[in-house]
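Chemist: Okay, handing you the structure first.
The values are calculated or read from the model by the stated rules, or taken from the named source; none is laboratory data. Computed from a predicted structure; not experimentally measured. Because the Cβ atoms are built from the backbone with ideal geometry, glycine has one as well, and the counts that use them run over all protein chains shown. SASA here: full protein model, heavy atoms, side chains in, ligands and nucleic acids out. Shrake-Rupley method; radii C 1.70, N 1.55, O 1.52, S 1.80 Å.
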Amino acid sequence: MLTPECIVSTVCPFCGVGCNLELHVRDGFIYKVTSPFDAVVNHGNLCVKGRFGYDFIYNPQRITVPLIRKTPQRPGERTQAFDLSEWREASWDEALDYVADRLVEIYRKDGSHAMAVYCCAKATNEDNYLLQKMYRALFRTNNVDHCTRLCHAASVVALQMAIGSAAMSNTAAEVIENDVFILTGSNPTENHPIIALQMKAAVRKYGAKLIVVDPRRIEMVDYATLYLPIKPGTDVPVFSAMAHVILKEGLYNRQFIAERTENFEAFAASMEKFTPEYAENISGVDRDLIIEAARLYATAKNAAIYWALGIPESSHGVANALSLINLALLTGHIGRRGTGLNPLRGQNNVQGASDSGAMPWHYPGYQRVDVEDNARRWEQAWNIEPGGLSRELGLTTTEILSSVGPGGVRALYIMGENPMMSEPNLNHTRKKMQELEFLVAQDLFINESGAFADVFLPAASWAEKEGTFTNTDRRVQRVRQVIPPRGQSRPDWEIICDLAKRIEKRLGRPQTAYWDYRHPSEVLEEMGRYVPEYAGVTYERLEREGGLQTPVWDRQHPGTPFLFADTFPRGRGKFYPLDYTPNAEMPDEDYPFVLSTGRVLEHWHGGTLTRHSWLDDLFPEPLVDIHPGDAAHLGIQDGDAVRVTSRRGSIVLRAHVTPKTNPGVVFIPFHFREAAANLLTHDILDPQAKIPEYKAAVVRVTKARPEELGARAEPQVRGRY
Ligand SMILES: Nc1nc2c(c(=O)[nH]1)N[C@H]1C(S)=C(S)[C@@H](COP(=O)(O)OP(=O)(O)OC[C@H]3O[C@@H](n4cnc5c(=O)[nH]c(N)nc54)[C@H](O)[C@@H]3O)O[C@H]1N2
Ligand SMILES: Nc1nc2c(c(=O)[nH]1)N[C@H]1C(S)=C(S)[C@@H](COP(=O)(O)OP(=O)(O)OC[C@H]3O[C@@H](n4cnc5c(=O)[nH]c(N)nc54)[C@H](O)[C@@H]3O)O[C@H]1N2
Ligand code: SF4
Ligand SMILES: [Mo]
């Protein structure tokens with residue numbers, strides 16, 4: 001019940017840590033955010049985004065009325081419309097009928113291959129479950145994916161190959177039980193700030209030893225016993241050299257290897273060549289540091305590995321992740337408290353969106369779409385004729401856009417994503433967006449991608465709806481409505497159900513699947529009937545017990561803080577032999593720097609939320625980090641305008657001269673449309689995981705004129721709703 005004055009418990013909408021929030025409301029207005037000291041995840045701590053970043057929901061540029069483009073858009077000639085004068089207001093009935101008409105028309109004309117959808121890791125489990133259900137059940141396509149593809153896809157593929165499960169094995173807060181932990185490709189003080197607090201406590205209060213492996217001198221280096229300043233893309237040689245040392249010095253766990261793993265011999269043979277000297281030559285990391293790191297990790301009682309995007313976002317991301325998994329299997333640092341393989345997940349609900357089936361190769365619960373039994377089970381669940389669901393693997397996020405064009409994808413539905421900022425090689429993305437025959441955007445704002453759409457459906461924010469998010473350590477938590485939806489906006493799950501019924505009617509198969517949910521709890525209940533890991537998660541339990549960590553096998557099961565105590569989902573953990581593959585682009589005379597892209601504390605991805613928040617005042621303009629030695633060589637001073645150019649594009653922004661980045665590497669956050677980092681990145685993918693190599697494009701840096709700065713790539717949204 002919403003009352004004029006109240007405090008509502010919910011979960012932060014930004015990162016995967018999943019901090020518990022208390023939203024203070026007066027007269028329907030959220031005026032303060034706090035967190036209780038007994039909050040399991042964050043003990044009352046919040047970062048700047050969680051505490052202050054919610055004001056985007058009140059931003060006047062938020063769209064809260066359904067909109068239809070005034071001028072019909074044709075494939076190849078589609079344009080971006082940020083200005084509201086290019087749109088007209090529509091009723092929900094008109095907007096949804098129009099979407100249903102066009103989608104069904106294209107489906108009839110071009111078939112299921114022409115249909116594709118981007119789900120949303122910011123939306124709830126229930127929203128995502130329903131959207132994938134709509135596309136699978138009605139349009140009979142598995143072209144369903146979301147930003148996980150751009151994120152931890154390679155970690156997921158590698159973990160599935162080696163142990164058969166892709167989530168974090170342990171709970172983040174267990175870091176204080178580590179004696180030693182490796183942190184690599186992860187900058188938690190900015191990106192998982194509350195986990196960073198726990199890591200700092202682990203070192204300073206509980207005496208854990210930290211090994212940081214990263215091409216940037218991130219803040220956690222101040223807490224590290226060892227820092228290995230790696231060249232971008234050389235993780236396989238460094239971690240394999242650690243394995244080489246562990247093997248040579250007999251520091252491996254013979255019992256664990258014999259009882260719980262397979263393929264050890266082939267793996268060990270492939271590690272022969274990875275001597276510390278060889279790794280030093282490729283990675284630039286001193287061989288003695290590698291040897292020391294190997295001994296420290298292998299001889300610890302409890303040791304864990306935490307990683308984020310520096311590992312998967314690579315054209316050889318699967319190999320990178322396997323090099324970490326090999327280390328855990330070699331030492332047996334997995335399957336106990338205070339150990340594990342822990343990919344820190346990014347978005348508030350990327351774990352949940354993946355669990356809920358927003359994936360092209362899997363139904364909810366990671367059930368492969370090409371396995372007959374799975375397809376049969378979901379046909380029963382959704383009341384579909386035998387053989388009705390597609391058994392074909394769907395296209396991934398990156399493949400969906402690449403395939404846009406005649407004979408490929410024709411209609412795209414985007415719920416809460418922004419490929420025009422987040423995909424690599426944006427000039428290519430732009431061309432593909434233009435070629436679409438029909439585009440729907442369901443969002444809070446007209447972002448750079450929604451500006452291409454034919455129809456805009458205004459979604460309610462997380463504070464305006466009910467549901468669940470699943471955080472990085474697999475904890476399902478309740479998201480609660482705090483205020484009524486602004487304007488005419490509606491919760492995603494409601495929009496989807498309303499639309500699905502209109503589509504069914506037009507397809508001539510009304511009442512096939514069920515869409516008449518009265519509350520998201522009924523959606524989660526349906527999912528739990530077919531996804532064993534969620535079988536025991538109910539709204540009643542979440543109310544009573546707080547969060548529940550999946551798998552929760554039945555209504556009595558307490559949840560699972562750490563995985564793999566006795567066995568791995570695939571039985572034995574499998575070692576993989578590895579080889580070193582260089583990055584797709586390597587520095588040369590024309591492009592002497594490696595561009596690394598990523599994030600800053602105050603902003604979120606394409607900036608749609610945080611640049612519509614006062615957070616933008618804290619970090620108002622794009623900066624490129626460059627090492628003082630490199631800057632001196634180029635005659636660049638802190639604050640100078642510089643042009644950064646890759647083989648695909650060029651942007652102008654201010655230089656930030658800082659020893660945080662190592663020589664030869666420049667760093668640009670990808671939050672700023674006026675200097676969009678993804679104009680520079682390339683779109684060569686890891687062949688297995690299909691993830692782009694965001695962390696290593698080669699660039700040159702030259703001085704620019706100050707007047708070239710700040711030229712916004714797109715006009716600003718104008719008008720008020
Ligand atoms: N403030 C804020 N927080 C966020 C987000 C945000 O947009 N803003 N996004 C969320 C999301 S979706 C995600 S996925 C996470 C991402 O969290 P992170 O992965 O921590 O984010 P990045 O800034 O991309 O940092 C990647 C790290 O990898 C390092 N790195 C780059 N190349 C290599 C390499 O070749 N090898 C190794 N070992 N390391 C390398 C970089 O120097 C950097 O420290 O953050 C989440 N949290
Ligand atoms: N260069 C470079 N590019 C990268 C990365 C990198 O490290 N470097 N990282 C990649 C990674 S890890 C990720 S996760 C992606 C992220 O890429 P995206 O997911 O495309 O980016 P976001 O900006 O998070 O987009 C979220 C959108 O959802 C909307 N939204 C928020 N809440 C809701 C809701 O409840 N309902 C609906 N319908 N919409 C909502 C927001 O307004 C916003 O427009 O970017 C990738 N791109
Ligand atoms: S650490 Fe993440 S979940 Fe916690 S308040 Fe900050 S952004 Fe929100
Ligand atoms: Mo991500």
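Chemist: For the pair VAL40/ASP97, report the inter-label distance in nm, with labels modelled 7 Å from Cα in the Cβ direction.
Modeler: Reported label-point gap for VAL40 and ASP97 is 4.7 nm.
Chemist: While we're looking at this one, here's another question. Can you give me the long-range amide H partners of LEU21? Hydrogens built in the peptide plane at 1.01 Å from N, cutoff under 5 Å, separation of 5 or more residues or another chain.
Modeler: THR10, VAL11, CYS12
Chemist: Here's another thing I want to ask about it. Can you give the accessible area per residue of the range 593-708, in Å², using a 1.4 Å probe?
Modeler: Numbers: 4010 Å² over 116 residues.
The answer is 35 Å² per residue.
Chemist: Let me ask you something else. Quick one: Cα centre-to-centre distance for the range 32-78 and the range 283-298, in angstrom?
Modeler: 43 Å
Chemist: Let me make sure I get this right: for the range 13-160, a, b and c are the square roots of the gyration tensor eigenvalues over alpha carbons, sorted descending. Under 1.5 in a/c it's rounded, otherwise prolate if a/b > b/c, else oblate. Which is it? Kindly include the intermediate steps, with their values, before the conclusion.
Modeler: Details: a/c = 2.45, a/b = 1.41, b/c = 1.74.
Oblate is the answer for the range 13-160, as a/c is 1.5 or above yet b/c matches or exceeds a/b.
Chemist: Please list, in chain and number order, the residues 5+ apart from GLN549 or on another chain whose amide H is under 5 Å from its amide H, with Hs placed from the backbone.
Modeler: Sorted by chain and number, the residues that satisfy this are VAL476, THR560.
Chemist: How large a share of the accessible area of the chain, in percent, is made up of carbon and sulfur atoms when the probe is 1.4 Å and the other protein chains stay in place?
Modeler: Values: 12440 of 24520 Å².
Within the chain, the accessible surface is 51 percent carbon and sulfur.
Chemist: Got a sec? Which residues in the range 683-709 would a label at ASP370 touch, if it sits 7 Å along Cα→Cβ and we count backbone N under 20 Å?
Modeler: Inside the label zone: 685-691.
Chemist: What is the gain in length, in nm to one decimal, between PHE29 and GLN688 on full extension, counting 0.36 nm per residue of separation less the C-alpha to C-alpha distance?
Modeler: On the way: separation 659, 0.36 × 659 = 237.24 nm, distance 4.73 nm.
Difference between extended and current length: 232.5 nm.
Chemist: I would also like to ask the following. When the chain is fully extended, how far beyond the present Cα-Cα distance does ARG74 get from GLU621, taking 0.36 nm per residue of separation? Kindly include the intermediate steps, with their values, before the conclusion.
Modeler: Numbers: separation 547, 0.36 × 547 = 196.92 nm, distance 3.47 nm.
In short, 193.4 nm is gained.
Chemist: If the cut-off is 27 Å between C-alpha atoms, which lysines fall inside it for LYS32, apart from same-chain ones fewer than 8 positions away?
Modeler: LYS32 reaches LYS49, LYS122, LYS465.
Chemist: Please identify the helices of the chain, taking whole runs of DSSP H, that span at least 15 Å along their own axis as judged from the Cα atoms and have a mean Kyte-Doolittle score of 1.0 or higher.
Modeler: On the way: long enough: 92-110 (27 Å, -0.70); 125-139 (20 Å, -0.71); 193-204 (16 Å, 0.90); 235-248 (19 Å, 1.16); 287-299 (18 Å, 0.31); 317-331 (22 Å, 1.61); 492-507 (22 Å, -0.39); 520-530 (16 Å, -0.84).
Going by DSSP H runs, the hits are 235-248, 317-331.
Chemist: Which cross-chain or sequence-distant (5 or more) residues have an amide H under 5 Å from the amide H of THR661, H modelled 1.01 Å from N in plane?
Modeler: Placed amide hydrogens put ARG217 under 5 Å from THR661.
Chemist: Please compute the length gained on full extension between ASP554 and ARG108, using 0.36 nm multiplied by the number of residues separating them and subtracting their Cα-Cα distance.
Modeler: On the way: separation 446, 0.36 × 446 = 160.56 nm, distance 4.18 nm.
Value of the extension gain: 156.4 nm.
Chemist: Measure out, as a whole number of angstrom, how far apart the alpha-carbon centroids of the range 482-500 and the range 544-586 sit.
Modeler: 34 Å
Chemist: Starting from the Cα of GLU522, step 7 Å along the direction of its Cβ; do the same at PHE52; then give the gap between the two resulting points in nm.
Modeler: Placing both labels 7 Å beyond Cα along the Cβ direction yields 4.3 nm.
Chemist: How much accessible area per residue does the range 292-423 have, in Å², with a 1.4 Å probe? Walk me through the intermediate numbers first.
Modeler: Details: 3250 Å² over 132 residues.
Result: 25 Å² per residue.
Chemist: Right, here's the next one. Nearest 500 deg cm²/dmol is fine: what mean residue ellipticity at 222 nm does the chain get from its DSSP H runs of n ≥ 4 alone, each adding -39,500 (n - 2.57), divided by its residue count?
Modeler: On the way: 22 runs with 211 residues, N = 721.
My calculation for the chain gives -8500 deg cm²/dmol from helical runs alone.
Chemist: Further, regarding this structure: Do the alpha carbons of any pairs in LYS248/LYS301; LYS200/LYS301; LYS273/LYS660; LYS432/LYS505 sit beyond 24 Å of each other, and which pairs? Intermediate results must be reported in sequence, preceding the final value.
Modeler: Details: LYS248/LYS301 20 Å; LYS200/LYS301 19 Å; LYS273/LYS660 32 Å; LYS432/LYS505 31 Å.
Pairs exceeding 24 Å: LYS273/LYS660; LYS432/LYS505.
Chemist: In whole Å, how far is the Cα centre of the range 103-136 from that of the range 621-639?
Modeler: 45 Å
Chemist: For GLU392 and ASP579, what is the calculated FRET efficiency with R₀ set at 35 Å and r taken between the beta-carbons, to the nearest 0.05?
Modeler: On the way: r = 31 Å, r/R0 = 0.89.
Calculated transfer efficiency: 0.65.
Chemist: Can you tell me the accessible area per residue over the range 5-58, all protein chains present, probe 1.4 angstrom, in square angstrom?
Modeler: Accessible area per residue: 39 Å².
Chemist: Could you tell me the calculated FRET efficiency between ARG529 and ASP588, based on Cβ-Cβ distance and R0 = 60 angstrom, to the nearest 0.05?
Modeler: Numbers: r = 56 Å, r/R0 = 0.94.
With R0 = 60 Å, the Cβ-Cβ based efficiency is 0.60.
Chemist: In cubic angstrom, how much convex hull volume per residue do the alpha carbon atoms of the chain span?
Modeler: Measuring per residue, one finds 146 Å³ for the Cα hull of the chain.
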